[in-house]
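Every read-out reported here was derived from the displayed coordinates using simple, explicitly stated rules and does not represent laboratory data. All figures in this text were calculated on a predicted structure; none of them were measured in a lab. We place every Cβ from the backbone using ideal geometry, glycine too, and count neighbours over all the protein chains shown.
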Amino acid sequence: MAYREFPAPVTLRGLVECGWTASLTPRESPQVHDVLPDGCMDLVWTGTGLLVAGPDTGPHPVRREPGVAAAGLRFAPGQLPALLAVPAAALRDQRVPLAELHRDAARRATDRLELGAAASAVLADLAWALPGRPPAVAVRAVAVRLGAGASAASTADALGWTTRSLHRRCVAAFGYGPAVLRRVLRFRRAVALLHAGIPPAEVAARAGYADQPHLSREVRAWAGVSPGQVASGANRSTVLPSGSWITA
């Protein structure tokens with residue numbers, strides 16, 4: 001399988017982490033891989049339709065078919081729901097056809113794609129054609145602070161919010177409350193370190209886990225496999241997406 005990431009479009013810097021493409025040649029067999037939780041949401045052209053990949057709380061299997069090229073934009077945590085004008089919690093653990101959310105925008109983009117327009121350009125234009133607006137700067141600040149291991153209480157204090165307000169805003173922007181978001185972002189750090197070949201004991205210390213058993217429990221909770229299996233998934237010849245996946 002050929003997988004490639006490319007820098008976020010200039011017009012979407014700060015909102016999008018990267019764009020990506022994935023494809024199998026007609027001679028390859030169908031493949032299934034698990035997308036792991038990373039706090040992100042994607043706009044995806046599957047090769048046959050547009051969909052929104054919501055925030056995950058477990059591994060989500062994706063099937064790739066030979067000869068079908070997929071492409072997407074990976075939005076930074078908390079960024080896409082505001083553009084969609086749809087709460088992230090409504091999309092949690094789902095893959096929703098964009099036409100169910102915004103029919104006209106989906107139709108216009110699909111028409112361009114079916115006429116052969118470059119998926120990267122169509123998806124970038126589509127992001128700005130959505131009815132919402134970019135999220136408040138505070139949304140990014142929440143992700144940065146919780147991603148660094150800050151508590152919900154200290155994050156709320158730093159932003160001048162109550163903990164109840166922080167929880168409500170997190171559910172709308174990220175799809176889950178601050179405690180779960182902190183776990184997801186810590187898990188994402190751990191996956192990146194495991195993919196880099198760092199030993200699990202060191203990963204536990206660097207990612208902020210109490211010890212290696214704590215890391216193992218959390219990886220199994222989010223990925224359904226052991227840290228060793230996550231790491232071995234990165235040793236395949238296929239380049240892994242930053243959103244992290246392992247072959248099922």
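For segment 46-55, in order, what is each residue's ³J(HN,Hα) by Karplus, 6.51 cos²θ - 1.76 cosθ + 1.60 with θ = phi - 60°, in whole Hz (x at glycine and Pro)? Per-residue couplings from phi come out as 6, x, 10, x, 9, 9, 10, 8, x, x Hz. Annotation: peptides 218-227, 205-214, 180-189, ranked by per-residue average of other Cβ atoms within 10 Å with the highest first, follow the order 180-189, 218-227, 205-214.
Distances between placed amide hydrogens fall under 5 Å for VAL35 paired with HIS60, VAL62, all partners being 5 or more residues away or on another chain.
Taking the helices alone, the chain has a mean residue ellipticity at 222 nm of -12500 deg cm²/dmol, built from -39,500 (n - 2.57) per DSSP H run of at least 4 residues and averaged over all its residues.
Amide H contacts of GLU17: ARG74, PHE75, ALA76, each under 5 Å away and 5 or more positions distant or on a separate chain (H built 1.01 Å from N in the peptide plane; Pro and chain starts excluded). Placing +1 on the Cβ of every Lys and Arg and -1 on the Cβ of every Asp and Glu, with no other charges, gives the chain a dipole of roughly 440 debye about its Cα centre. Of the three principal axes defined by the Cα atoms of segment 137-235, the extents in descending order read 43, 22, 21 Å. Return a whole-number percent for the relative contact order of the chain, with Cα pairs under 8 Å and 6 or more residues apart as the contact set. RCO, the chain: 22 percent. Evaluating 6.51 cos²θ - 1.76 cosθ + 1.60 at θ = phi - 60° for every residue in segment 30-37, the Karplus couplings come out as x, 10, 10, 10, 9, 7, 9, x Hz, glycine and proline recorded as x.
Over segment 73-142, the Kirkwood radius and the radius of gyration, each from Cα atoms, give a ratio Rg/Rh of 0.99. Convex hull volume per residue, computed on the Cα atoms of the chain, equals 112 Å³. Annotation: amide H of LEU50 within the under-5 Å range of LEU98, sequence separation 5 or more or interchain, hydrogens built in the peptide plane. Coupling constants for segment 192-201 follow from the phi torsions by the Karplus curve (6.51 cos²θ - 1.76 cosθ + 1.60, θ = phi - 60°), and in residue order they are 4, 5, 4, 5, 7, x, 6, x, x, 4 Hz; glycine and proline get x.
Based on Cα contacts under 8 Å between residues 6+ apart, segment 110-217 shows a relative contact order of 16 percent. Looking at segment 1-95, what % of the alpha carbon pairs are farther apart than 17 Å? For segment 1-95, the fraction of Cα-Cα distances above 17 Å is 51 percent.
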